[in-house]
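Here's the structure we're looking at; comments come further down.
Read-outs: derived from the displayed coordinates by stated rules, not from any lab. All values reported here derive from a predicted model rather than from experimental measurement. When we count neighbours, we look across all protein chains shown, and the Cβ atoms used for this are built from the backbone with ideal geometry, even at glycine.
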């Protein structure tokens, strides 16, 4: 007497239906947003007065956390430099923006995490005249990379 395979065994051996373009695109966007969320440490109570008085959120990018976001040789070379975690202006960069892999966001984060702070008259004109205009609380640039551009202006 032979036994029939269980329904569970059958379902694991069936080939999966390939995802449509739209389903695959949505799944990839969700995966990228999750990666961005993993890098950003936000206050749980971001919309109340206590949260506004709390320290600024941090991007946890001092090590090699951005490796999967770096898609060219310049980004990889900058990532290899010593880094630090980065404070951001509340709402300045969202997890979805980081998860988008957009080069302007990734380059700005790389500059801020690996660059040198520019204070006083050394800060760029935009950061001197409109502090906290960009996603970061202070002006920072990385000499020899990205044309010396400030991370807030990038």
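Can you sort 104, 151 so the residue with the fewest Cβ neighbours within 10 Å comes first? Can you show the working numbers first?
Working: 104 10, 151 27.
In increasing order of surrounding Cβ atoms, one gets 104, 151.
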Rh by Kirkwood over Cα pairs, then Stokes-Einstein D for region 51-100 at 0.692 mPa s and 37 °C, µm²/s: 269
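Counting pairs of alpha carbon atoms under 8 Å apart in space and at least six apart in sequence, what relative contact order in percent does region 98-147 give? Intermediate values should be presented prior to the final figure.
Working: 40 pairs, mean separation 19.6, N = 50.
About 39 percent, as a whole number.
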If I model a spin label as a point 7 Å beyond the Cα along the Cα-Cβ vector, how far apart are those points for residue 84 and residue 128 in nm? 2.3
Residue exposure sequence - 136, 146 - by fewest surrounding Cβ within 10 Å: 146, 136
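Rank these for me by crowding, 129, 94, going from fewest to most other beta carbons within 10 Å.
Details: 129 9, 94 17.
Listing 129, 94 from fewest to most nearby Cβ atoms yields 129, 94.
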